[in-house]
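The values are calculated or read from the model by the stated rules, or taken from the named source; none is laboratory data. All figures in this text were calculated on a predicted structure; none of them were measured in a lab. Because the Cβ atoms are built from the backbone with ideal geometry, glycine has one as well, and the counts that use them run over all protein chains shown.
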C-alpha cells in the first residue's frame, strides 16, 4: 500500500506503453502547475498574501512559490489593496507588460470595488482599467481564500485552449479596456 497520490492525467488514449492526448491538454496541464504570481500589494491584503506564501499555508504546494517582481516573467497579476486613481495607469502598464497568457486576481474589497473608500481619489475596482479573472472577497481576505482563487485560476489555465488569446472575443475584451492587441 502506497501513500503516493497520483494527479489526474489529461483526457486521452492509453495503451500498453503509450499515451496520446491533444496539445491543448498538455500545454494546459503544464501552465496550471507553474503559475507565477506578480504581487501588486498596496495595503493590508498584501500581508495576507505574505501569510499565504509562508510555511503554514504554503502556496508552493500549487506551483506558485516563485513570486515574480518582473511583469515579463509573471502569469498572474495579483492586485491587493487600495488602488488610488493615480496608480491606475501604473497597474495598467504592468498588465500590458505581462506576456500572454496572463490572468488577473483582484484580492480584497478595495481591489475589487474600492472597499470602504468611496472617494474621489480611490479607483472603485481594478476592473475599470484591466480585465479581472478572479475576485477574492474580504477585508482582508483569509489566506485560504487566496489559495481558493489560485485553484480557480489553475482550472482556467488548464482548460484554456492555446488559441483563445487569438480569438475575436478576447481581442474585443482588450479593446474595450483600450489595451492594444498585439498580433503574433
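A few notes on this one:
- When residues of the stretch 144-162 are limited to those that are surrounded by 13 or more Cβ atoms within 10 Å (Cβ to Cβ) and more than 15 Å from the chain's Cα centre (by Cα), the one modelled with the lowest pLDDT: 162
- Inter-residue pairs, beta-carbon under 6 Å, first without any contact (Cβ under 8 Å) to a residue 60 or more places away in the chain and in the stretch 108-121, second in a helix (DSSP H, G or I), 6+ apart: 115/109
- Filter result for residue 49 (touching a residue at least 60 places away in the same chain (Cβ under 8 Å), touching a strand residue (DSSP E or B) at 6+ places or on another chain (Cβ under 7 Å) and under 28 Å from residue 122 (Cβ atoms)): yes
- Close pairs from the stretch 3-17: first surrounded by 10 or more Cβ atoms within 10 Å (Cβ to Cβ), partner at pLDDT 75 or above, Cβ under 6 Å, at least 6 apart: 10/21; 10/25; 10/29; 12/19; 12/20; 12/21
- Out of 62, 49, one residue alone is surrounded by fewer than 18 Cβ atoms within 10 Å (Cβ to Cβ) and either over 24 Å from residue 165 (Cβ atoms) or modelled with pLDDT under 90 (or both). It is 62.
- Residue check, residue 28 within 30 Å of residue 130 (Cβ to Cβ), in contact with a strand residue (DSSP E or B) (Cβ under 9 Å, 6 or more places away or on another chain), at pLDDT 85 or above and part of a helix (DSSP H, G or I): no
- Condition check for residue 103 on (1) touching a residue at least 60 places away in the same chain (Cβ under 8 Å); (2) farther than 21 Å from residue 166 by Cα; (3) within 17 Å of the chain's Cα centre (by Cα): one failure, at (2).
- Among the residues of the stretch 20-42, those identified as more than 13 Å from the chain's Cα centre (by Cα) and surrounded by 14 or more Cβ atoms within 10 Å (Cβ to Cβ) are 21, 24, 25, 27, 28, 29, 41, 42.
- When restricted to residues that are farther than 22 Å from residue 95 by Cβ and surrounded by 14 or more Cβ atoms within 10 Å (Cβ to Cβ), the stretch 124-139 contains 1.
- Any hit, the stretch 83-91, residues being exposed (fewer than 15 other Cβ atoms within 10 Å of the Cβ) and touching a helix residue (DSSP H, G or I) at 6+ places or on another chain (Cβ under 9 Å): no
- Failed item in (1) within 17 Å of the chain's Cα centre (by Cα); (2) within 16 Å of residue 39 (Cα to Cα), with residue 140 passing the rest: (1)
- The lone criterion from (1) out of contact with any strand residue (DSSP E or B) (no Cβ under 6 Å at 6 or more places or on another chain); (2) under 30 Å from residue 60 (Cβ atoms); (3) modelled with pLDDT of 90 or more; (4) crowded, with 16+ Cβ neighbours inside 10 Å left unmet by residue 165 is number (3).
- One residue stands out in the stretch 170-184 among those that are exposed (fewer than 13 other Cβ atoms within 10 Å of the Cβ) and at pLDDT 90 or above: the one that is farthest from residue 82 (Cα to Cα), namely 172.
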